[in-house]
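Participant: I am attaching a structure below and will ask some questions about it afterwards.
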Amino acid sequence: MSELLSFFEALFSPDFPFVRNAFFAGVLSSVLFGVLGSVVTVKRIAGLAGAISHAVLGGIGISLYLSATGKVPNLSPMVGAIVFALLSALIIGTVSLKSKQREDTVIQAIWAIGMSIGVLFMAKTPGYTDPSSYLFGNILLISTQDLVLLLVLDIIVILLAWYFYPQIEATSFDEEFSQVRGIPTRLVFLVILAITAVAVVLLQTFVGIVMVIAMLTLPAGTAGFGARNLVSLMIGSTLFALLFSFAGLAAGWMLDLPVGAMVVVIAGAFFLGRSAGHLVRMRRST
């Protein structure tokens, strides 16, 4: 109990601004995890999102190298990450639309090549560069600038989801029927991948590249047991993501453990618990 009180004191204390930033990052990230995670889960493109999330390490490594060697001074790792994310989304999306039989191969190739390029450039970057800080993230290092970027992306995602909701819902559940109705399913698919790619770059600061895919699927998977349509899934996913983020932040503070890992462990345990409960109810009903 004393550890929990200590966490709330730190959360509201002006002496610990990084804790408040971490809390607000969890709130803002939950919107992206909830809305985009619902679409990723329903469209069954978690593997594509996973490849993009890992490929961004290549852009990060190149940016760090160019900045440290003075070839492109003050180049932000986020710039390289966004470029690699969008390029990966374009390649994977195009292959997925044009050649389904080679989709898995291209996804794995992008995944492995992107990470390998990042490791190679980091190895040649002057000074010490720790890849684990990008792989696993650290929410306690969230800056005010990161929060502003997350807020802007939240607004964009919410507006797009609201305005294009009928098209998103139609293409998510019945792509062939959507094509017959004249909905540009391929364009919708590529736009979803592009927005997911940009979101992955920002979210990797929160839970890291390795774990961002888990938070794009676990809250949506948990909410899916009670959701009746896509909008209810988005709302439920956002609430669960918020719950997992806050619980992980509090547990990480009290137990002195990495917050990102705690968030995913709590989310995973909750999802597995709901899955087990659902199976029990299914057996009883039969």
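Participant: Using a probe of 1.4 angstrom, how much of the accessible area of the stretch 199-285 is carbon and sulfur, in percent?
Facilitator: 70 percent
Participant: What whole-number value in Å² describes the accessible area per residue of the stretch 2-285 for a 1.4 Å probe?
Facilitator: Dividing the accessible area of the stretch 2-285 by its residue count gives 50 Å².
Participant: In addition: Within the P(r) computed for the stretch 2-285, what percentage of the Cα pairs occupies the region above 35 Å?
Facilitator: Summing the P(r) tail past 35 Å for the stretch 2-285 gives 19 percent.
Participant: Taking the alpha-carbon distance from Lys98 and a cut-off under 28 Å, which lysines remain once sequence neighbours fewer than 8 residues away in the same chain are dropped?
Facilitator: Lys43
Participant: I've got another one for you. Quick one, could you list the DSSP H helices from the chain stretching 24 Å or more along their long axis (Cα atoms) with average Kyte-Doolittle hydropathy of -1.0 or above?
Facilitator: Qualifying helices: 17-42, 46-68, 77-98, 103-124, 144-163, 185-223, 230-255, 259-285.
Participant: As a check on your grasp of the helix formula, calculate [θ] at 222 nm for the chain: sum -39500 (n - 2.57) over DSSP H runs of n ≥ 4, divide by the residue count, round to the nearest 500.
Facilitator: -28500 deg cm²/dmol
Participant: On alpha-carbon atoms, Rg over Rh for the stretch 13-52 using Kirkwood Rh?
Facilitator: 1.24
Participant: Which value in Å is the Kirkwood Rh of the stretch 1-118 over different Cα pairs?
Facilitator: 16.8 Å
Participant: Next question, about the same structure. Compute the relative contact order of the stretch 179-286 as a whole-number percentage, counting only Cα pairs closer than 8 Å that sit 6 or more residues apart in sequence.
Facilitator: It comes to 23 percent, rounded to a whole number.
Participant: Just to be sure I follow the definition: excluding the sites themselves, where is the longest run in the chain that has none of the trypsin sites (Lys or Arg not before Pro) in a DSSP loop with at most 16 other Cβ atoms within 10 Å?
Facilitator: In short, 72-180.
Participant: Could you work out how much longer the chain between Val83 and Ile155 gets when fully extended? Use 0.36 nm per residue separation minus the Cα distance between them, nm to one decimal.
Facilitator: Between Val83 and Ile155, full extension yields an extra 23.8 nm.
Participant: Okay, next question. Relative contact order of the stretch 2-285: what whole-number percent is it, with Cα pairs under 8 angstrom and at least 6 residues apart?
Facilitator: 29 percent
The values are calculated or read from the model by the stated rules, or taken from the named source; none is laboratory data. Predicted model, so just to flag it, every value in this text is computed and none were measured. A quick note on method: Cβ atoms are made from the backbone with ideal geometry, for glycine too, and the neighbour counts reach across all protein chains shown. Just so you know, the surface numbers come from the protein's heavy atoms only, side chains and all, with ligands and any DNA or RNA stripped out. Shrake-Rupley method; radii C 1.70, N 1.55, O 1.52, S 1.80 Å.
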